[in-house]
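First comes the structure, then the notes that go with it.
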Amino acid sequence: MIIQPKIRGFICTTAHPTGCSEHVKEQISYVQQQPSINGPKKVLILGASTGFGLASRITAAFGSGAATIGVFFERPADNGRTASAGWYNTAALEDAAREAGLYAKSINGDAFSDEIKRNTIDLIKSELGQVDMVIYSLASPRRTDPRTGETYTSVLKPIGNDYTSITVDTNAGVVSEVSLTAASQEEQEQTVKVMGGEDWRMWLEELKAAGVLAEGVTTVAYSYIGPVMTHSIYREGTIGRAKDHLEKTAHELQDYLEDMNGRAYVSVNKALVTQASSAIPVVPLYISLLFSVMKEKGIHEGCIEQMYRMFADRLYSGADVATDEKGRIRVDDLEMREDVQQEVAKLWDKVNSDNLADISDIEGYRKDFLKLFGFGIAGVDYEAEVEAVIDLK
């Protein structure tokens with residue numbers, strides 16, 4: 001079939017297998033061009049198919065020579081529909097790993113469930129023995145607690161007061177006001193249940209009890225802080241409440257893993273175009289302005305540059321891991337530089353629909369968004385027939 005992008009709101013409902021494959025190869029190539037990392041050798045990635053999770057898997061495999069197991073919830077091609085981008089990404093990664101002589105296997109299913117936890121533990125036991133790194137990069141709008149059967153749904157809302165700011169329709173290039181009502185107490189609690197650290201802790205408890213965590217294991221989950229202009233919807237909103245819980249969980253896991261010399265961290269990453277971030281009001285406009293400033297300064301990074309730097313310069317540099325006063329790894333350091341934020345703030349105060357194309361990198365945002373789904377990749381013929389059904393080995 002000939003596959004073209006079909007965009008509905010902040011989601012592209014199609015994905016291109018060749019384009020996704022080329023995008024994965026680009027990221028692998030970047031890592032292979034960097035110095036090798038004296039890092040982990042057997043890595044479990046929870047949420048391994050897109051964004052930071054995929055970049056983490058690529059960095060572990062091709063930067064550190066690690067065997068990897070990826071867990072995710074993706075859709076295969078079916079009834080004339082393409083597979084999801086994460087499905088095609090994983091197929092490409094597994095092919096590349098095999099060619100490089102690296103172990104890479106995947107489990108597709110609900111990572112919040114007991115069944116997938118059991119299946120993952122069985123696979124580790126039978127084929128790797130133990131893992132020396134666990135990356136937690138799950139992003140989901142809902143979660144069913146396996147112990148109670150209750151399903152929770154997350155919301156993107158401010159806390160305390162209703163909130164009005166500006167946002168951008170990235171397709172139309174229109175800047176407009178957006179108003180959001182404050183979250184109820186129940187909505188706050190449900191968001192923490194979905195996006196906080198409860199499931200991360202469940203995974204580590206199950207893995208430790210099963211004896212599949214190696215001595216000195218490292219586990220890391222991902223967070224974001226961002227600038228003042230996004231705080232009401234992000235860091236001081238319902239998501240921020242969940243991230244606070246995630247960070248608290250990291251400290252608890254540090255204590256929990258102490259008897260095996262383990263380490264638990266939250267890494268605060270840069271604002272980037274991902275399937276998760278594109279759903280958050282206000283954030284795409286901020287990202288478009290941020291990209292223009294960081295590219296002009298020559299300090300822009302994508303997911304793969306971020307994750308390589310986290311592995312090579314933070315977690316596995318051979319020195320003590322540099323953290324902030326709350327024990328968090330900061331690879332958002334370039335984004336949060338004072339000169340960068342001052343320039344973004346100036347642009348924020350004057351951006352509108354008329355000057356958006358001139359003062360922001362809205363075009364770069366759109367390109368990055370399409371790349372998530374395998375579109376807009378140089379050298380790919382999007383008019384050619386392509387096989388949409390690809391099996392994961």
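Checking each residue of the range 64-73 against the condition of being part of a loop (DSSP other than H, G, I, E, B) and touching a strand residue (DSSP E or B) at 6+ places or on another chain (Cβ under 8 Å) gives at least one match.
Quick one: would you say Lys208 is out of contact with any Pro (no Cβ under 8 Å at 6 or more places or on another chain), of a type outside the set (A, V, I, L, M, F, W, C) and over 26 Å from Asp332 (Cα atoms)?
yes
Taking the range 78-190 as the region of interest, the strands (runs of 3 or more DSSP E) fully inside it that hold 1 or more residues being surrounded by fewer than 20 Cβ atoms within 10 Å (Cβ to Cβ) and of a type in the set (Gly, Ala, Ser) are 163-169, 174-180. Residues in the range 373-393 that are loosely packed, with under 10 Cβ neighbours inside 10 Å and of a type in the set (Ser, Thr, Tyr): none. Filtered by the rule that a residue be β-branched (Val, Ile, Thr) and part of a helix (DSSP H, G or I), the range 259-292 gives Val283, Ile287.
The one condition from (1) part of a helix (DSSP H, G or I); (2) out of contact with any Cys (no Cβ under 7 Å at 6 or more places or on another chain); (3) not charged (D, E, K, R) that Gln34 does not meet is (1). Assess whether Val194 counts as being buried (at least 22 other Cβ atoms within 10 Å of the Cβ), of a type outside the set (Phe, Trp, Tyr) and in a helix (DSSP H, G or I). Against the criterion (buried (at least 22 other Cβ atoms within 10 Å of the Cβ), of a type outside the set (Phe, Trp, Tyr) and in a helix (DSSP H, G or I)), Val194 qualifies.
Residues checked against (1) surrounded by 15 or more Cβ atoms within 10 Å (Cβ to Cβ); (2) more than 30 Å from Pro5 (Cβ to Cβ); (3) under 21 Å from the mean Cα position of the chain (by Cα):
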| residue | (1), (2), (3) |
| --- | --- |
| Ala322 | no, yes, no |
| Lys326 | no, yes, no |
| Ile329 | yes, yes, yes |
| Met336 | yes, yes, yes |
| Asp339 | no, yes, no |
| Glu343 | yes, yes, no |
| Trp348 | yes, no, no |
| Leu356 | yes, no, no |
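Per the listing Leu334, Leu290, the residue uniquely at pLDDT 95 or above and over 26 Å from Ser64 (Cα atoms) is Leu290.
Scanning the range 217-258 for residues that are of a type in the set (Asp, Glu) and in a helix (DSSP H, G or I), we see that the one that is farthest from Gly160 (Cα to Cα) is Glu258. In the range 245-276, the residue that is nearest to Ser49 (Cα to Cα) out of those that are of a type in the set (Asp, Glu) and in contact (Cβ under 8 Å) with a residue 24 or more places away in the chain is Glu247. Here is the figure for the range 333-351: residues that are part of a loop (DSSP other than H, G, I, E, B), farther than 17 Å from Ser288 by Cβ and not hydrophobic (A, V, I, L, M, F, W, C) total 2.
Checking the stated criteria, Val321 turns out not to satisfy the condition of being within 25 Å of Pro17 (Cα to Cα) and assigned to a loop (DSSP other than H, G, I, E, B).
Which residues, counting only those in the range 334-374, are within 30 Å of Asn108 (Cα to Cα) and in contact with a Phe, Trp or Tyr (Cβ under 7 Å, 6 or more places away or on another chain)? Correct list: Tyr365, Gly374.
Here is a yes/no grid of residues against (1) surrounded by fewer than 23 Cβ atoms within 10 Å (Cβ to Cβ); (2) hydrophobic (A, V, I, L, M, F, W, C); (3) within 27 Å of Ala378 (Cβ to Cβ):
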{"position": "Lys6", "(1), (2), (3)": "yes, no, yes"}
{"position": "Gly19", "(1), (2), (3)": "no, no, yes"}
{"position": "Gln32", "(1), (2), (3)": "yes, no, yes"}
{"position": "Leu44", "(1), (2), (3)": "no, yes, no"}
{"position": "Leu54", "(1), (2), (3)": "no, yes, yes"}
{"position": "Ala61", "(1), (2), (3)": "no, yes, yes"}
{"position": "Ser64", "(1), (2), (3)": "yes, no, no"}
{"position": "Gly70", "(1), (2), (3)": "no, no, yes"}
{"position": "Glu74", "(1), (2), (3)": "yes, no, yes"}
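Candidates in the range 306-320 are the residues that are among the small types (Gly, Ala, Ser) and surrounded by 14 or more Cβ atoms within 10 Å (Cβ to Cβ); of these, the one that is nearest to Gln34 (Cα to Cα) is Ala312.
The values are calculated or read from the model by the stated rules, or taken from the named source; none is laboratory data. Since the model is a prediction, treat every value here as computed from it, not as a measurement. Neighbour counts are summed over all protein chains in view; Cβ atoms, including those assigned to glycine, are modelled from backbone coordinates with ideal geometry.
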